[in-house]
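All remarks here apply to the structure that follows.
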Amino acid sequence: MVTIKSKKEIELMKEAGRVTALTHKALEEAIKPGITTAELDKIAEQTMKKYGAVSAEKGYDPGIRGVPPYPASTCISINDEVIHGVPSKRRVVKDGDIVSIDLVALKNGYNGDAARTLMVGNVSKEARRLVEVTRQAFFEGIKYARKGNRLGDISHAIGEYVKSQGYSVVREFEGHGIGKDMHEEPGIPNYGKAGRGIRLEPGMTLAIEPMVIQGKPNILELDDGWTIVTEDGSLAAHYENTILITENAPEILTIL
Ligand code: MF3
Ligand code: CO
């Protein structure tokens, strides 16, 4: 079921979104060559705590046999890692890396979900273009995130824009409704047909999250059961915000 949030719930979603954005801000300020992904994870955990939230990712159980609960507070995926990279003391950020950080702050029972791909030091022109196109894909998509439009309008806009830029969208993972649960209905693919899918209504809160690969769309899962990498070794980027459908333009809840 797709939930419509009440006024009170929307206030709580906005607060969870604000903490999510503040946590990203702290990470943007802290990231530099030499820092480990475990250190970044710690900063995220502390920032969420400071603002009265916890990570909804830590301990998240996907309910798949043999997959352990998610062990960290954030997902940090570097270069050819697409999503769900597990922070580690052994993983050091280097100059020129693109670092995708995906985090979900849970506060007062509601979730805010956002991802950014950060560029560390001297990033190649090609990597920079990938990161910018991925961010723009989100904004192309939300042009259609309006009352009365169909969900497929958003998916289509994202997919076509990414294709027009010569990149691939990931097909196995998608955006989602969000609220009391980190993942609610509907699923929101980053490709699809315009004019299809549910109609958007004020009070829906959605996590829109283009995951874009420089090369072929194919992905692989590493043996840790979490980390997703590109099959061809090319770079990947991720950009996500939690948005609210309104009577007019959507509100982005995870940007300060
Ligand atoms: N935050 C991710 C999303 O955008 C989900 C992460 S899965 C977890 O939907 F296991 F890491 F929590
Ligand atoms: Co999400």
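The values are calculated or read from the model by the stated rules, or taken from the named source; none is laboratory data. What you are looking at is a predicted structure, and each value in this text was computed from that prediction instead of being measured. Neighbour counts run over all protein chains shown; Cβ positions are idealised from the backbone, glycine included. All accessible areas refer to the heavy atoms of the entire protein, side chains included, with ligands and DNA or RNA removed. Shrake-Rupley method; radii C 1.70, N 1.55, O 1.52, S 1.80 Å.
Summary table
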item: Prolate/oblate/rounded label for region 147-214 (Cα gyration tensor, a/c 1.5); result: oblate
item: Accessible area of region 7-252 belonging to carbon and sulfur atoms, whole % at 1.4 Å probe; result: 49
item: Set of lysines near LYS163 by C-alpha distance (under 28 Å), chain-local residues within fewer than 8 positions excluded; result: LYS125, LYS143, LYS147, LYS193, LYS216
item: The chain - mean residue ellipticity at 222 nm from DSSP helices (-39,500 (n - 2.57) per run, n ≥ 4, rounded to 500); result: -9000 deg cm²/dmol
item: Global geometry of region 7-252, whether rounded, prolate or oblate, following the gyration tensor of its Cα atoms and the 1.5 cut on a/c; result: oblate
item: Region 181-256: relative contact order as a whole-number percent, Cα under 8 Å and 6+ apart; result: 30
item: Overall form of region 1-125 per C-alpha gyration tensor (a/c, 1.5; a/b vs b/c); result: prolate
item: Gap separating the Cα centres of region 147-163 and region 38-57, nearest whole Å; result: 32
item: Backbone HN-Hα couplings from phi across region 239-247 [Karplus 6.51/-1.76/1.60, Hz, Gly and Pro as x]; result: 9, 8, 9, 8, 10, 10, 6, 10, 5
item: Karplus-derived HN-Hα couplings along region 64-75 (A = 6.51, B = -1.76, C = 1.60, θ = phi - 60°), whole Hz, x at Gly and Pro; result: 10, 4, x, 9, x, x, 4, x, 10, 8, 9, 10
item: Ordering of 76-87, 214-225, 91-102 by burial proxy (mean other Cβ atoms within 10 Å per residue, highest first); result: 76-87, 91-102, 214-225
item: Accessible area per residue in Å² at 1.4 Å probe, computed on region 7-252; result: 44
item: Charge sum, other residues only, whose C-beta stays under 9 Å from LEU235's C-beta, Lys/Arg counted +1 and Asp/Glu -1; result: -2
item: Over the chain, relative contact order from alpha-carbon pairs under 8 Å, at least 6 apart, %; result: 23
item: Farthest positive-ward along region 7-252 dipole, Cα basis, beta-carbon charges - from VAL169, GLN214, VAL54; result: VAL54
item: Electrostatic dipole magnitude of the chain [Cβ: Lys, Arg +1; Asp, Glu -1; Cα centre; debye, to 20]; result: 580
item: Among LEU103, LEU244, GLY63 - extreme Cα towards positive end, dipole of the chain, charges at beta-carbon; result: LEU244
item: Estimated FRET transfer efficiency (ASP95, ASP181; beta-carbon r; R0 41 Å; 0.05); result: 0.60
item: For PRO217, net neighbour charge (Lys/Arg +1, Asp/Glu -1) across residues whose Cβ lies under 14 Å away; result: -2
